[in-house]
Amino acid sequence: MSSATLIWEIVRGLRIVAAPADAPPFPVDAEAAEEDTFLVLSAEPVLHQPPDHPLRIIRDAFAAEPVSPGSVVVREGSPLRLLAVVHDLDQDPTWRPEWVAAALAAVLRQCDERALRSLALPLLGSRHGRLGPERFVSLLRDALDAAPPSSLQRLWLVVPKGTPPAVFAALEQPPLG
């Protein structure tokens with residue numbers, strides 16, 4: 001796939017578009033991001049002067065509790081950020097397919113709970129892990145078949161440039177239900 005997009009209409013009219021990050025096919029209400037249990041992967045690489053005293057920051061860091069793999073942490077803003085926790089940096093490998101599956105289900109639940117109409121979703125588990133794109137698409141299809149989102153109308157799969165169309169074969173299967 002070049003900079004062109006692939007488009008599917010599946011699961012109750014949900015339109016899925018696969019396109020690279022530099023070619024957004026539409027504006028989104030929310031964007032998902034691949035995250036770890038201590039929310040380090042999404043941290044900004046730019047250092048800012050912290051508003052708190054350094055001792056407070058150190059105390060807070062020691063007291064921090066990890067987020068469960070497979071969950072989603074919501075960060076308000078425009079667009080809304082859905083941090084999909086699919087990595088535990090204390091594990092080897094850091095990701096598991098079942099965590100990606102659980103995070104996908106949690107992302108879709110957040111979309112429904114917040115009545116989101118559009119979402120940008122990267123191939124979770126593939127940026128900082130080695131989950132293959134075909135396996136991710138299969139997990140996504142399973143999540144959509146298990147609980148089709150009611151409010152979500154457009155889903156942008158954010159894919160690396162050059163992703164072959166064959167990766168998306170699972171999206172072309174009829175729904176299980």
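The values are calculated or read from the model by the stated rules, or taken from the named source; none is laboratory data. In this text, all values refer to a predicted model and were calculated from it rather than measured experimentally. Glycine gets a Cβ as well: all are built from the backbone with ideal geometry, and neighbour counts include every protein chain shown.
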- Message: Return the residues of region 59-108 that are charged (D, E, K, R), over 22 Å from GLY129 (Cβ atoms) and part of a helix (DSSP H, G or I); say none if nothing qualifies.
- Response: ARG59, ASP60
- Within region 95-111, can one find any residue that is polar (S, T, N, Q), under 13 Å from the mean Cα position of the chain (by Cα) and more than 21 Å from PRO20 (Cβ to Cβ)? yes
- Name the residue, out of SER78, SER150, that is free of Cβ contacts under 8 Å to residues at least 60 places away in the same chain and either over 22 Å from ALA21 (Cβ atoms) or surrounded by fewer than 22 Cβ atoms within 10 Å (Cβ to Cβ) (or both). SER78
- Message: Can you pull out every residue in region 109-134 that is without any contact (Cβ under 8 Å) to a residue 60 or more places away in the chain, closer than 17 Å to PRO69 by Cβ and either out of contact with any Pro (no Cβ under 8 Å at 6 or more places or on another chain) or in a helix (DSSP H, G or I) (or both)?
- Response: ARG109
- Residue, farthest from ALA30 (Cα to Cα), within region 145-167, restricted to residues that are at pLDDT below 90 and not in a loop (DSSP other than H, G, I, E, B): ALA166
- Message: Any residue at all in region 86-103 that's touching a Leu at 6+ places or on another chain (Cβ under 9 Å), under 18 Å from PRO27 (Cβ atoms), surrounded by fewer than 24 Cβ atoms within 10 Å (Cβ to Cβ) and not polar (S, T, N, Q)?
- Response: no
